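Peer 1: Encoded as structure tokens, here's the structure I'll be asking about.
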Amino acid sequence: MPAHRLAIMQPYVFPYLGYFHLIEATDLIVFFDDVAFRKRSWINRNRILLDGREHLFTIPVSGASQNKRIHEVELVADQQWLRKFQLTLRHAYGHAPHFGAVSEMVTSVLSGPHQSIADLAIASIAGVYDFLGLPWQHTRSSVCSPGTRSLTGSARLIRIAQDLGADEYVNAPGGRDLYHAEDFRKGGLELSFVESLNFEYDQLSGEPLVPGLSILDVLMFNDPPSSRRALRQFRLLPGE
């Protein structure tokens, strides 16, 4: 089924709310899993709130290198890391109103039979959608368009979107300096950028909201209906 509105993005593990705004703004999200893995990126890392401060967690991977594609980077089977992360999550959010249900979902995702970091990152996003009971559509660039790997930059994005029957390409706001509407129009596509709107909630810390954390923070402090509303707090702006 052709996707009227499409986005292409590297898979991130339990990404921040703005990533979900990008998904919600589209009919189809294409996970860009056959591009180079980037160390110190959000592919296998994210942040939670621990003792009122940002705390970075990292999913252990084996042989990570920019010479490998994301779907080629394998996970390390480390039960000790999982137990430690579960304890960290409890310390961080044990007081949160939705800790039990969310931590159960997280454990289910992290305990799954994933081979690569791409598998796990995509599963983490799928876990959130299942948890919230929301429909979504996704595919992988390694599956739907491996023949476009010789292309680079916006040329590859445009070709993938064309191949999938899209007529509008949606990008995260960070791409405004990289992508230009005229290039996409030449390929028969409109270019839009998603802009996240403020979503305020109480992190029960007595301090101002620490924004931009993993979606796990949103889920811990908001019930599913409120979290579903959070996913709709965005607007689309035309590209230039």
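The values are calculated or read from the model by the stated rules, or taken from the named source; none is laboratory data. Everything quoted here is computed from the prediction, not taken from an experiment. Note that each Cβ is placed from the backbone with ideal geometry, even for glycine, and that neighbours are counted across all protein chains shown.
Peer 1: Scan region 146-164 for residues that are in contact (Cβ under 8 Å) with a residue 40 or more places away in the chain and in contact with a strand residue (DSSP E or B) (Cβ under 8 Å, 6 or more places away or on another chain) and report the count.
Peer 2: 4
Peer 1: Filter region 172-209 for residues that are surrounded by 13 or more Cβ atoms within 10 Å (Cβ to Cβ), of a type in the set (D, E, K, R) and under 30 Å from Ala96 (Cβ atoms) and give the result.
Peer 2: Selection gives Glu195 alone.
Peer 1: Restricting to region 15-50, name every residue that is in contact with a Phe, Trp or Tyr (Cβ under 9 Å, 6 or more places away or on another chain), among the aromatic types (Phe, Trp, Tyr) and part of a loop (DSSP other than H, G, I, E, B).
Peer 2: Residue satisfying the conditions is Trp42 alone.
Peer 1: Sticking with this structure for a sec: Provide a single number: the residues in region 66-88 that are in contact with a Phe, Trp or Tyr (Cβ under 8 Å, 6 or more places away or on another chain) and surrounded by 12 or more Cβ atoms within 10 Å (Cβ to Cβ).
Peer 2: So the count comes out to 7.
Peer 1: Looking at region 102-125, which of its residues are of a type in the set (A, V, I, L, M) and surrounded by fewer than 14 Cβ atoms within 10 Å (Cβ to Cβ)?
Peer 2: None; the set is empty.
Peer 1: Read through the list (1) hydroxyl-bearing (Ser, Thr, Tyr); (2) within 29 Å of Arg229 (Cα to Cα); (3) in a helix (DSSP H, G or I), then give the number of the only condition that Tyr201 fails.
Peer 2: For Tyr201, the exception is condition (3).
Conditions (1) touching a helix residue (DSSP H, G or I) at 6+ places or on another chain (Cβ under 9 Å); (2) among the aliphatic types (A, V, I, L, M); (3) closer than 27 Å to Arg229 by Cα, marked per residue:
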residue	(1), (2), (3)
Ala77	no, yes, no
Thr88	no, no, no
His98	yes, no, yes
His114	yes, no, no
Ala121	yes, yes, yes
Gly127	yes, no, yes
Ser145	yes, no, no
Thr152	no, no, no
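Peer 1: Moving on. Given Tyr169, Tyr129, which one is under 30 Å from Gly94 (Cα atoms), under 20 Å from the mean Cα position of the chain (by Cα) and surrounded by 14 or more Cβ atoms within 10 Å (Cβ to Cβ)?
Peer 2: Exactly one residue qualifies, and that residue is Tyr129.
Peer 1: Which pairs do you get when a residue that is farther than 15 Å from Gly174 by Cβ and at pLDDT 95 or above, found in region 5-27, comes within reach of a residue that is assigned to a loop (DSSP other than H, G, I, E, B) and small (Gly, Ala, Ser), reach meaning Cβ atoms under 6 angstrom, with the pair 6+ apart or on two chains?
Peer 2: That search, which allows pairs on different chains as well, returns Leu6/Ala166; Asp27/Ala3.
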